Amino acid sequence: MWRRAGASRRRVTLNGMHTIEQPRLSDAQRDKLMAALDRDGYFMLPVKLPDPMLRDAIAAIDALALKQLEAADGAGASSRPTSVKMHNCVDLSPAFRALMMFEPALQLAYDAFGPMFHLNQSNFVYRGRDSGAGDDFVNASGWHADGPRPGLFPRVNGAMGLHYLKFGYFLNDIPAEGGSPLRVVRGSHKRDERDGRPLATFDISDYADDLVELRVAAGTVVAFHQAQWHAAAPNTSDVVRKNVYISYCPTWMRPVDRADPPREALAGLSAEERWLLGEPRDQPLRWWLPNGDDLQRMARFARDGE
């Protein structure tokens, strides 16, 4: 069985350019965070994203988002959008694949699902100042739980099961006013989405005692259960809010926003990256029942002594 040394950080080469130290969580930290996930439906990592990963992700978002905004200008849109959301971003830049490989997130995904997990979804949001345009839907999101169609997920003992674990990487400081902070309702993952109320009649003030506003600093990583109620208010500041969301699920679940990649698309990537991105299997049953080699792909993210 695979073993690791007791170091709390590991040196890795990032995108073939930077050599950085990736933080690693202790077993005690993992226990505390997984308990918070079960109790509250979310947690904030006790470590920040390393600066090189932060800078690379911001540069990638700026390049991709500004290109899309310029294209909208060129198309003669009646009102220029101020925000951009792009799905399956791990295929758009190595910077996002590096976030997919952030070690603390993979440790916690291992705790949630064991060694048989892979990428479920990835996207980035470039959220500028609210333009007031009715079609600029990215700028704000009302109260919801992730899904798709979270109300149709099965329940276990009356509670929504953990089908995927989502990590939000916040790449810039959220201002004291405006800035579109992430908001969550503590413990809401154990109830129906908005308690079964339509968004038009839902009143968040009814949940004031459990409402948490996450006005975080750059490099903060927040994780939450897919059934957690969350929302983002419009950005009324002059700071463009930039963040990336990456989630993981068991390998027997299909990813939300990507098809099976051909083997040639994964050439040059590490064995762990290929696994997370859905490397083709020679037998369909291997998505459910691993062989010995499969169990080793994510083994370094296991607990000490496992």
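With a cut-off of 15 Å between beta carbons, the residues surrounding D173 carry a summed charge of +2, where Lys and Arg count +1 and Asp and Glu -1. When all protein chains stay in place, what accessible area (Å², nearest 10, 1.4 Å probe) is found for K242? So the heavy atoms of K242 present about 30 Å² to solvent. Which of these, G158, G178, G168, has the largest mean-square fluctuation under a Gaussian network model of the chain (Cα springs below 10 Å)? So, out of G158, G178, G168, the one fluctuating most is G158. Of H118, H87, the order by accessible heavy-atom surface (1.4 Å probe, DNA, RNA and ligands excluded), from most exposed downward, is H87, H118.
Using every pair of separate Cα atoms, the Kirkwood estimate puts the hydrodynamic radius of the chain at 20.3 angstrom. A 1.4 Å probe, protein heavy atoms only, puts the accessible area of E213 near 100 Å². Normalised radius of gyration (Cα atoms, divided by 2.2 N^0.38 Å) for the range 105-226: 1.16. Residues Y248, Y110, ordered by accessible area of protein heavy atoms at a 1.4 angstrom probe radius and largest first, appear as Y110, Y248.
Per residue, how large is the accessible surface of the chain? Use a 1.4 angstrom probe and give square angstrom.
Accessible area per residue, the chain: 46 Å².
Computed over the chain, relative contact order equals 27 percent, with contacts defined as Cα pairs under 8 Å that lie 6+ residues apart.
Which of rounded, prolate or oblate describes the range 163-302 when judged by the alpha-carbon gyration tensor and an a/c cut-off of 1.5? It is prolate, given that a/c is not under 1.5 and a/b is the larger ratio. Comparing R274, R149, R183 in a Gaussian network model of the chain (Cα springs below 10 Å), the most mobile by mean-square fluctuation is R149. In summary, the lysines within cross-link reach of K242, defined as a Cα separation below 23 angstrom excluding same-chain residues under 8 places away, comprise K48, K67, K85, K166.
The values are calculated or read from the model by the stated rules, or taken from the named source; none is laboratory data. Nothing here was measured: the structure is a model prediction, and the numbers come from that model. Note: ideal-geometry Cβ built from the backbone for every residue, glycine included; neighbour counts use all protein chains shown. These area figures cover heavy atoms from the full protein model, side chains too; ligands, DNA and RNA do not enter into them. Shrake-Rupley method; radii C 1.70, N 1.55, O 1.52, S 1.80 Å.
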